[in-house]
Amino acid sequence: MRRLEGGELVLASHNAGKLREIAELLAPYGFQVRSAAEFGLSEPEETEETFAGNARIKAHYAAKGTGLPALSDDSGLEVDALRGAPGVHTADWAETGNGRDFKMAMEKLWRRLEETGAPEPRTGRFVCTLCIAWPGGQDVVVRGEVSGRIVWPMRGTRGFGFDPIFQPDGERETFGEMDPARKHAMSHRADAFRKLTAACLD
């Protein structure tokens with residue numbers, strides 16, 4: 001497994017919130033994290049049907065475009081009764097043509113579950129796949145997960161995306177109700193970062 005040395009790292013994303021979160025996680029390792037947007041890079045088309053495949057597309061595109069190591073993440077919600085949907089299309093379910101509407105997406109997901117007649121508990125997981133790619137073409141991919149169940153009605157105004165209908169295993173609150181620090185400690189992204197630091201940083 002290749003070790004990642006401190007210095008500049010490109011985040012293969014234009015998302016300012018994600019940049020802030022990842023910069024904080026990597027700061028103790030001596031990294032200055034810059035977004036792909038700072039380099040004027042566009043966002044590549046995500047053509048794969050797996051989280052790992054799309055994470056690789058984004059990380060290699062940014063690494064080749066900047067000449068620096070690049071980190072990408074591809075994440076979403078898999079629901080067992082929907083055969084893993086929405087999966088890699090999680091964000092697409094919220095697209096309206098005028099921005100994203102996750103309330104609409106949650107209503108759609110619950111409607112689909114009702115149509116299937118899926119028994120309770122309606123299980124699923126949030127998945128986060130991280131990829132570090134180097135300009136020479138090497139990469140490291142790790143997958144983080146947090147399992148839970150889909151609940152209805154929506155609960156909580158914290159978090160984002162599908163958080164108000166996801167209740168992690170062993171918890172009474174949804175991610176939408178939970179204190180953000182508690183959520184981040186158990187999240188799929190935290191799980192993936194633990195694996196990434198063990199593989200490339202520690």
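Some points to look at:
- With R₀ fixed at 25 Å, the C-beta to C-beta distance from K108 to E145 puts the FRET efficiency at about 0.65.
- Average accessible surface for the chain: 49 Å² per residue, computed with a 1.4 Å probe over protein heavy atoms with every protein chain in place.
- Lysine pairs in the chain whose alpha-carbon atoms fall under 24 angstrom of each other, counting only those eight or more residues apart or on distinct chains, come to 8.
- The stretch 1-153 - percent of accessible surface contributed by carbon and sulfur, probe 1.4 Å: 47
- Rounded to the nearest Hz, the phi-derived 3J(HN,Hα) couplings of the stretch 92-102 under the Karplus curve 6.51 cos²θ - 1.76 cosθ + 1.60 (θ = phi - 60°) are 4, 5, 9, 5, 10, x, 9, x, 9, 10, 6, where x marks glycine and proline.
- With at most 11 other Cβ atoms within 10 Å, longest stretch of the chain clear of loop trypsin sites (Lys or Arg not before Pro) (DSSP): 84-171
The values are calculated or read from the model by the stated rules, or taken from the named source; none is laboratory data. Since the structure is predicted, the reported quantities are computational estimates derived from the model, not experimental observations. Cβ: placed from backbone, ideal geometry, glycine included. Neighbour counts: every protein chain shown. Heavy atoms of the whole protein, side chains included, go into the accessibility calculation; ligands, DNA and RNA do not. Shrake-Rupley method; radii C 1.70, N 1.55, O 1.52, S 1.80 Å.
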